[in-house]
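What follows is a single structure, written as structure tokens, with notes after it.
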Amino acid sequence: MASSGDPTDDQHRLSLVEWSRRAALFSIGAAAAGFVAFGPHSSSDVPRNRIVLDYWEKWTGAEAKAMSRLVDRFNESQNTIFVRYLTISSIDQKAMIAIAGGAPPDVVGLWSFNIQAFAEAGAILPLDTLANAKGINQEQYARAVWPLMRNKGHLYSLISTCGTIALYINDDRLAQAGLQGVEDPKTIGELDELSSALYERNQSGEIERVGFIHTDPGWWSWIWGYHFGGKFLDDTGETALASTPHNFEAYHWVQSYPKNYGSHDLLKFQSGVGFYGTAQAPFLTGQVALTVQGPWMANLIETFQPDLNYHAIPMPVSAGYLDPNEPVGLLDGDVLVIPRGARNPEASFEFISWLQQPAQLEFLASAHGKNSPLRSVSPGFIDNHPNRSISTHNQIAESKRAFGFPKTRIWPRYVAEFDAAFQRLWLLQDTPESSLAMVNRRAQFAIDEAAEHRRRRQL
């Protein structure tokens, strides 16, 4: 999180963030040694005369079981390599510690937004040569997936799963409001009109049910500008673009909801609804009729409300930005990397490349309730997928206007500033121009600070 005040010239100096290099490396190395010595170990019996790879992944529950089944399939498919699958919490932190300490695993499953920081730190290997040797190229993947796996012109990861964000519509709720068969909204104005027809208050004037609300689930405070033609980082990754007209327009739209329906009333409504991941999730109960979510929403519906009628469409955009053939939506992904210092990078890549085969990627996508990362999918994938609107998510992934997390190592600070600004806007405590200007200043300071760190390391 950036400081509460504006950056000063003194803050640009590295004296505040420069530790003793020896002390830092000693502490990291000690932590890594301790983690390797006392960390998780697989109980699997390892066959003799095989190359043994340790694969660290972040998933638990059903997601972990699905990947564990694939690991078992790989181990049974050949007699040269044996992969041990280990679930690790706080995987990005622990992986970085292990790599810095010289005792990394052989394969790590990260989030796509981790790639920038790991690549800049030299903590993961570029995969261009290994991928070329296997014939792996961008033609295999949905349009938005290939850039997700790259950084600064190099391939640093390959995909395991991905998901796009769409607008989910509770058809039962529409039917209750007499709106069954209404045309799906394509523009922000059409979304507002449909949403307004679905807001309901009780006799005391309190909001009981809503149409659309930006804070359900509230995980992506920063995405709205993209639906107005904005973005938050230039193509070089060195210039913050939060404070631009498209983004101002987007957050004036965001702020129109607390202005129209009452900031206090919306907060009171939100305090009385359930949480995602439970049977009381507001989309399931009908308290929220329209919500942005990923394809995994189908898993929640199947678990708690299997008879719910729903469908998903691309999130609407501003009227001037509409192109039905190129929908706009966030694409996020889980990726596989090879750490610097891995014992046998070629063997590690043999496992990663096996996972890129359509049978493996489609199995994992279906098990996780996600869309395919591939450009072409089998008919069986669509027909048997747990999400009846999975084609919508595939369409977004194939769009040239799909977007990922901005590629900057300071993204956690950037998004934290955005979260704080969003709260001020939602409470009607600031204007979009003022809030986004502050976000831009602080993000640019962090970007410049990171650039100076890189320059110092090179020197």
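No lab work stands behind these numbers, since they all come straight from the coordinates. This one's a predicted model, so the numbers in the text were calculated from it and none came from an experiment. Cβ: placed from backbone, ideal geometry, glycine included. Neighbour counts: every protein chain shown.
Details
- At R0 = 25 Å, FRET efficiency that the Cβ-Cβ distance of THR303 and TRP111 yields, to 0.05: 0.55
- The order of GLU302, GLU449, going from fewest to most other C-beta atoms within 10 Å of their C-beta, is GLU302, GLU449.
- Residues whose amide H lies under 5 Å from that of ILE51, counting only those 5 or more places away or on a different chain, are ILE81, PHE82; hydrogens are built 1.01 Å from N in the peptide plane.
- Rounded FRET efficiency, nearest 0.05, which uses the C-beta distance separating GLN93 from ASP265 and R0 of 41 Å: 0.55
- The residues packed around TYR414, meaning those with a beta-carbon under 14 Å from its beta-carbon, carry a net charge of 0 if Lys and Arg are +1 and Asp and Glu are -1.
- For the chain, a crude dipole built from +1 on the beta carbon of Lys and Arg and -1 on the beta carbon of Asp and Glu, taken about the Cα centre, is about 1540 debye to the nearest 20.
- The stretch between ALA197 and SER378, if pulled fully straight at 0.36 nm per residue, gains 61.3 nm over its current Cα-Cα span.
- Ranked packing of 288-299, 234-245, most packed first, by mean Cβ within 10 Å: 288-299, 234-245
- Cα shape, region 282-426, gyration tensor, a/c 1.5 rule: oblate
- From most to least packed by mean Cβ count within 10 Å, the peptides 112-125, 66-79 give 112-125, 66-79.
- Highest mean packing first, where packing is the average number of other Cβ atoms within 10 Å per residue, the peptides 398-406, 146-154, 181-189, 333-341 line up as 333-341, 398-406, 146-154, 181-189.
- Helix axis angle, 411-426 relative to the chain longest principal axis, alpha carbon, degrees: 10
- Calculated mean residue ellipticity, 222 nm, the chain: -13000 deg cm²/dmol, from DSSP H runs (n ≥ 4) at -39500 (n - 2.57) each, averaged per residue and rounded to 500.
- Cβ-based net charge around LEU110, under 9 Å, with every Lys or Arg adding one and every Asp or Glu removing one: -1
- Amide H contacts under 5 Å for ASN151, placed H, 5+ residues apart: TYR156
- For region 99-257, the dipole from Cβ point charges (+1 on Lys and Arg, -1 on Asp and Glu) about the Cα centre works out to 500 debye, to the nearest 20.
- Residue (of PHE232, PRO47, ILE213) at the positive-pole extreme of the chain, dipole from beta-carbon charges: PRO47
- For the chain, with +1 on Lys and Arg beta carbons and -1 on Asp and Glu, the positive-most of ALA421, LEU174, GLY341 along the dipole: GLY341
- Residues listed by number, region 221-239, amide nitrogen under 14 Å from GLU433 label point at 7 Å toward C-beta: none
- Order of VAL439, VAL377 under a 10 Å beta carbon neighbour criterion, fewest first: VAL377, VAL439
- Rounded to whole Hz, the Karplus (6.51, -1.76, 1.60) HN-Hα couplings of region 80-97, x for glycine and proline: 10, 10, 10, 9, 9, 9, 10, 8, 10, 7, 6, 4, 5, 5, 5, 5, 4, 5
- Hull volume per residue, based on the alpha-carbon atoms of the chain and their convex hull, is 160 Å³.
- Residues whose placed amide H lies under 5 Å from that of SER160, excluding near-sequence neighbours: ASP334, VAL335, LEU336
- Solvent-free Debye scattering, log10 I(q)/I(0), computed from the Cα coordinates of region 110-211 at q = 0.10, 0.14, 0.19 Å⁻¹: -0.55, -0.70, -0.91
- Phi to ³J(HN,Hα) by Karplus 6.51 cos²θ - 1.76 cosθ + 1.60 over region 380-397, Hz, x for Gly, Pro: x, 4, 5, 5, 9, 6, x, 9, 5, 10, 4, 5, 4, 5, 4, 4, 5, 4
- Cα Rg, Dmax, region 36-171, angstrom units: 16.6, 57
- If the chain linking GLN357 and ASN137 were pulled fully straight, counting 0.36 nm for each residue of separation and taking away their Cα-Cα distance, it would gain 78.0 nm.
- Over region 140-274, the fraction of Cα-Cα pairs per 10 Å bin, rounded to whole percents and listed from the shortest bin up, is 9, 30, 32, 19, 9, 1, 0.
- Virtual spin-label span in nm between VAL182 and ASP235, 7 Å along Cα→Cβ: 4.1
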